[in-house]
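Only the coordinates and a few stated rules stand behind these numbers; no lab work does. Note that this is a predicted model, so its numbers are computed, not measured. Neighbour counts run over all protein chains shown; Cβ positions are idealised from the backbone, glycine included.
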Amino acid sequence: MHTPGHVVLNLALLGSVVGHESAVIAGAVLPDLPIVVLYLRERLRGTPPETIWSVCYQRRFWLAVIHGAHSVPLSLLGMGIAWLAHSPTLIYFFLSVLFHALCDLPLHVHDAHRHFFPISSYRFISPWSYWDARYHGRTVALLELLLVLLCSLYLYLVMAPRWTATPKLLVLALLGATNLWYAQNYHRSFLRR
């Protein structure tokens, strides 16, 4: 899944946890943050995108950081420590990290993460991809787009009225921008080919 989809889905799934939305958002974003840092760093150096994904992304350091950020055992460990520390905010943060990892698990083929790092180096090679048309990417991306749209409607109509600290117009703008990005990305990736 794309990072904005993780945020919208995690907020919809954990949305009833009023008061911990920032932790849920941070947990949804964190696993992909190393990928964003790597990409931006290399683009600023003038590295072509193809080289970023085929060479830079494959370096041992980056793979360890990226796989660690998508690790089910590490997110469970974080939840356990947060529970022992009596920190609901950290529990929901790590729960959101866990949801992100579990949503990615069935949607990566050759770019699969080691979701059981550091316990195992096993990578689940899925038959489905959220971006690669050779592996049903067109269908999976359309389903992701529709899921994000449905979750966005739920967040705006049901959850946003409960978020008294966040203006409803801001929520509408952010959700609208997310859905517009999904529509443009789908068009660019699958319909213009």
### Query
So, by mean Cβ neighbours within 10 angstrom, what's the order for 99-110, 173-184 with the highest one leading?
99-110, 173-184
#### Entry: Calculated FRET efficiency for the pair residue 33/residue 146, C-beta based, R₀ 35 Å, to 0.05
0.85
### Query
Given a Förster radius of 22 Å and the C-beta distance between residue 183 and residue 157 as r, what FRET efficiency does 1/(1 + (r/R0)^6) yield to the nearest 0.05?
0.65
### Task
Step through the residues of the range 167-184 one at a time and calculate ³J(HN,Hα) from phi using the Karplus curve (6.51 cos²θ - 1.76 cosθ + 1.60, θ = phi - 60°), rounding each to whole Hz and writing x for Gly and Pro.
x, 4, 5, 5, 4, 4, 5, 5, 5, x, 5, 4, 5, 5, 4, 4, 5, 5
#### Entry: Charge dipole magnitude, Cβ of K and R +1, D and E -1 - the range 1-79, Cα centre, debye nearest 20
300
### Query
What does the charge count near residue 101 come to, summing +1 for each Lys or Arg and -1 for each Asp or Glu among other residues with Cβ under 12 Å from its Cβ?
-1
### Query
Taking only DSSP H segments of four or more residues, each worth -39500 (n - 2.57), what value at 222 nm results for the chain once the sum is divided by all its residues, to the nearest 500 deg cm²/dmol?
-18500 deg cm²/dmol
### Message
For the range 3-191, what does the relative contact order come out to in percent, with C-alpha contacts under 8 Å and a separation of six or more?
### Response
21
### Task
Mind checking the full-extension length gain between residue 105 and residue 45? Use 0.36 nm per residue of separation minus the Cα-Cα distance, one decimal, nm.
18.5 nm
### Separation between Cα centres of the range 53-77 and the range 98-163, rounded to whole Å
16
### Query
For the chain, what class follows from the C-alpha gyration tensor (a ≥ b ≥ c being the square roots of its eigenvalues): rounded when a/c is under 1.5, otherwise prolate if a/b is larger than b/c, else oblate?
oblate
### Query
Among residues other than residue 3 whose Cβ falls under 15 Å from its Cβ, what is the net charge (Lys/Arg +1, Asp/Glu -1)?
-4
